[in-house]
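The values are calculated or read from the model by the stated rules, or taken from the named source; none is laboratory data. Worth saying up front: this structure is predicted, and the values here are computed from it rather than measured. No Cβ is skipped: glycine too gets one built from the backbone with ideal geometry, and neighbour counts run over all protein chains shown. What goes into the accessible areas is simple: the full protein's heavy atoms, side chains included, and nothing from ligands, DNA or RNA. Shrake-Rupley method; radii C 1.70, N 1.55, O 1.52, S 1.80 Å.
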Amino acid sequence: MLYGALESEEDQFAGNNTSKAHFLRVKPAIDFNVLVWDNDNGIQTITCPEQGDMITPSTGLKRALASADIEYDYYTYLPEDLEVYDMIFCTMGCFCLD
């Protein structure tokens, strides 16, 4: 991620000194298949550092992949044939003990 930051001792408001981060990706000349398996029970457990909203882990993964311009397949179940994928991202969610 690339971002800009400006620091000055004379600054009166430090809250606007850092730019939004931008994802830098060198796109390879090969195709690859990505799977996002959403198995996190739909529980919003993380805060997005870019937008500040509460999101599920799978939403964070989808946003990161979209920012990197990476196409992916998204499922809430595990497909039977995984051999077609070069990368698999799985969210496991929270586990609660009774």
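Summary table below
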{"item": "Qualifying trypsin sites (Lys or Arg not before Pro) in the chain, DSSP loop, other Cβ atoms within 10 Å at most 14", "result": "Lys20, Arg25"}
{"item": "Candidate values [x] 60, 49, 15; [y] 35, 28, 25; [z] 39, 25, 16, label of the one derived for Cα extents along the principal axes in Å", "result": "[x]"}
{"item": "Rounded tilt (10° steps) of 57-67 against the dominant C-alpha axis of the chain", "result": "70"}
{"item": "Whole-percent carbon and sulfur share, accessible surface of the chain, 1.4 Å", "result": "53"}
{"item": "Val84-Asn41 pseudo-label distance in nm [points 7 Å out on the Cα-to-Cβ vector]", "result": "3.1"}
{"item": "Å² per residue, accessible surface of segment 1-70 at 1.4 Å", "result": "75"}
{"item": "Hydrodynamic radius (Kirkwood) for segment 15-56, which is based on Cα pairs only, to one decimal in Å", "result": "14.1"}
{"item": "Helix-only [θ]222 nm of the chain, DSSP H runs n ≥ 4, -39500 (n - 2.57) each, per residue, nearest 500", "result": "-3500 deg cm²/dmol"}
